[in-house]
Amino acid sequence: MTALPERPDLWAPVGNRELPPAIVAAYEARDWPSLRKALSTVMDGAITDGPLGRELLQLMLSLPAGVDTVFDRYRVAAMLDHGDWDGVRASLPTQSIEPLEIRGKQDIHTAPVERSEIPASEIAHHRFVFQLWEYYCRMAAGPLRRWVQRMFGHYPKPLWDRQDVPLGRHLRYRQLMDALLMADAEAFAGRLPLAHALATEAMTLGDEGEPMRSIAHDLSELSRLGLGDRNEFELQIPKRICEPTGPSPLGSGEMLMYILPMLPLKEDDGLRWAADLLRDIAARLAFPRWQLQADYWRVASELRAGMPGKKTELVALLARARRATPGLKAVPLYLQGYAERRYDSFRDAERLARHSGNVWLQISAMTWMTAIDPRPRIGMRLTQLLEATGWRRLVLVPAEIAAEAALGLTSLGERSEAILEMALTADRPNATTEMIRRYIEDANAPTSTRIAAVNALGRVGTTHAREILARLAQRRDDVGKAAAKTAEGPTYGLSEREIEVLSLAADGFTNKQIGDKLFLSPHTIARHLANASAKLGASNRAEAAVRLHRAGVD
């Protein structure tokens, strides 16, 4: 794995080596009409962080005031992105600036942790923008998901009249932003397979070099981890932020906020790196709610690493979050449960997560609760959410806790393929084998679920599991037939469709090409490949194809 870069100073000068020559020449010659023309297709006063990033924004900060009203808009937008509140205040009296939107943005980001109201405005565009900023600041995934559904395809009329907004770039960017916001909202408050599909689509939208494409890549890969895949990948966001054309300080913080709750799924230092950088940004910008989030993700990374002496810091974190809104307060309570194995803390965190629509945290909290003390009502709700959302590898839930929770759900009488998949993802073969045995022996369980349990037993791959399969294969019912098929060889119950998809992949076809041949979506193809790889014990599609060939399956 490639080492993460050093945390950057996002306010340091970056030069102009990547800027178009026409922009540099016009600026150095103080040819303002030519500069305005050169900027008209690349600088967006409404959405500032584009492919040229800090190089372009630092140029905007150095533009003279009062020369051009469009330049004034550019300067104030760049000031906001760098937290230059004195410069923003000095610019507000200028008639070319929209004080309501600027003051609303400043008010939301600098608000205290207990803040819950949204600045009032009679302009629909302002209300939409204020809601988006507010929901991310207070970590309210449920309201964000509803906001995205309302906002999709909404193009505010005032943008068509703004001279500081290049319409071509803006419209292309909006396609990317719409897909990515929908993906992010689905990841944390909805269906993870849909989040993966939307994030994968977003990787192809917008202009080349857009920072949001890096977010889309990382969100797509992290979603695969949450779905239970064993994919290895490098995060693109840290590298993109560190580039001279990386986003502004504000834009860098926003990039991190998109993925921070999913970073614990990746077993590396990415969570600590992101939390530390967000803390640096939040302190410099004076954003209290970002500071709280940065601090609790830093504590989360240290608790996960087993670092001693963090309980005292956790107490201070809980005190800071005591009056915070539900979404901000839930994670510190969850971390208290994680550190002390406290059922009551997980219960309180789940309640607050439910209130704020953070479904991912609900699932993690209820998994811990079920592992500690299985209870029917919680078990039923957890099973329903696992089935509905697609989560299999859970945030800040160690593998042994996930396996114990799966056993706990089984002891409560819950029978679901989602539980089987969560147990398999945990990779605790003894616990998984015991759970599967109960599924198979449960005469009241649906036949399809019992057969799924047999297939899961084949994926466990231990000697004990194979012995059980051999005994089951002697039966003359559907379970026996499934066991016989699963025990035939190293394919361990690959379905005909999985064999077909993997064979086409081995021939060099892409997911899209395979989908076109079989009339399936690329996401469905990806799921078949992931399932086939897991059954074969392969880490990627290439290794799975080799094992399939060795098994003699065509």
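The values are calculated or read from the model by the stated rules, or taken from the named source; none is laboratory data. None of the values given here were measured: they were computed from a predicted structure. Here the Cβ is made from the backbone with ideal geometry for all residues, glycine too, and neighbour counts use every protein chain on show.
Give me a count of the residues in the range 501-516 that are surrounded by 15 or more Cβ atoms within 10 Å (Cβ to Cβ) and either among the β-branched types (Val, Ile, Thr) or closer than 14 Å to Asn540 by Cβ (or both). Step through it out loud before you land on a result.
Kept after step one, since they are surrounded by 15 or more Cβ atoms within 10 Å (Cβ to Cβ), are these residues of the range 501-516: 501-506, 509, 511, 513-515.
Narrowing further to those that are either among the β-branched types (Val, Ile, Thr) or closer than 14 Å to Asn540 by Cβ (or both): 501-502, 505-506, 511, 514.
Going through the range 501-516 one residue at a time, the tally reaches 6.
Could you list, in sequence order, all residues of the range 17-58 that are under 32 Å from the mean Cα position of the chain (by Cα), at pLDDT 90 or above and on the phi < 0 side of the Ramachandran plot?
Matches in the range 17-58: Glu18, Leu19, Pro51, Leu52, Arg54, Glu55, Leu56, Leu57, Gln58.
Residue check, Ala111 against (1) out of contact with any Cys (no Cβ under 9 Å at 6 or more places or on another chain); (2) of a type in the set (A, V, I, L, M); (3) more than 22 Å from Arg150 (Cβ to Cβ), all met but one. Which one?
Just one mismatch for Ala111, condition (1).
Taking the range 101-151, which residues are in a helix (DSSP H, G or I) and among the polar types (S, T, N, Q)?
Of everything in the range 101-151, those that are in a helix (DSSP H, G or I) and among the polar types (S, T, N, Q) turn out to be Gln106, Gln131, Gln149.
Go through the range 472-554 and tell me which helices (runs of 4 or more DSSP H), entirely inside it, have 1 or more residues that are more than 16 Å from Gly458 (Cβ to Cβ), out of contact with any Pro (no Cβ under 8 Å at 6 or more places or on another chain) and modelled with pLDDT under 85.
Where helices (runs of 4 or more DSSP H) fall fully within the range 472-554 and carry at least 1 residues being more than 16 Å from Gly458 (Cβ to Cβ), out of contact with any Pro (no Cβ under 8 Å at 6 or more places or on another chain) and modelled with pLDDT under 85, they are 496-506, 511-518, 522-536, 541-550.
What number goes with the only condition from (1) assigned by TED's automatic domain parsing to the domain that holds Phe71; (2) surrounded by fewer than 17 Cβ atoms within 10 Å (Cβ to Cβ); (3) not in a helix (DSSP H, G or I) that Asp49 does not pass?
(2)
For the range 369-393: of the residues being crowded, with 16+ Cβ neighbours inside 10 Å and in contact with a Lys or Arg (Cβ under 8 Å, 6 or more places away or on another chain), which is nearest to Ala300 (Cα to Cα)?
Met369
Against the definition (without any contact (Cβ under 8 Å) to a residue 40 or more places away in the chain, out of contact with any strand residue (DSSP E or B) (no Cβ under 7 Å at 6 or more places or on another chain) and not in a helix (DSSP H, G or I)), how does Arg322 come out, yes or no?
yes
Quick check on the range 405-421: of everything there that is within 15 Å of Val454 (Cα to Cα) and of a type outside the set (Asp, Glu), which residue is surrounded by the most Cβ atoms within 10 Å (Cβ to Cβ)? Spell out the reasoning first.
Step one: of the range 405-421, the residues within 15 Å of Val454 (Cα to Cα) are 415-421.
Cutting the leftovers down to of a type outside the set (Asp, Glu) gives us 415-416, 418-420.
Working: Arg415: 20, Ser416: 21, Ala418: 21, Ile419: 27, Leu420: 24.
Within the range 405-421, the match that is surrounded by the most Cβ atoms within 10 Å (Cβ to Cβ) is Ile419.
Quick check on my filter: what residues within the range 24-46 are without any contact (Cβ under 8 Å) to a residue 40 or more places away in the chain and either in a loop (DSSP other than H, G, I, E, B) or surrounded by 21 or more Cβ atoms within 10 Å (Cβ to Cβ) (or both)?
Ala29, Arg30, Asp31, Leu35, Leu39
Looking at the range 391-401, can you tell me whether even one residue there is of a type in the set (Gly, Ala, Ser), modelled with pLDDT of 95 or more and out of contact with any Pro (no Cβ under 8 Å at 6 or more places or on another chain)?
Of the range 391-401, the ones of a type in the set (Gly, Ala, Ser) are 399.
Checking the rest, the ones that are also modelled with pLDDT of 95 or more come to none.
Within the range 391-401, not a single residue is of a type in the set (Gly, Ala, Ser), modelled with pLDDT of 95 or more and out of contact with any Pro (no Cβ under 8 Å at 6 or more places or on another chain).
Quick check on the range 99-133: of everything there that is of a type in the set (Ser, Thr, Tyr) and within 25 Å of the chain's Cα centre (by Cα), which residue is surrounded by the fewest Cβ atoms within 10 Å (Cβ to Cβ)?
The qualifying residue surrounded by the fewest Cβ atoms within 10 Å (Cβ to Cβ) is Ser116.
Test Ser364 against the stated conditions and say whether it is closer than 19 Å to Ser301 by Cα, among the polar types (S, T, N, Q), within 23 Å of the chain's Cα centre (by Cα) and not assigned by TED's automatic domain parsing to the domain that holds Gly226.
When the stated conditions are applied, Ser364 passes them.
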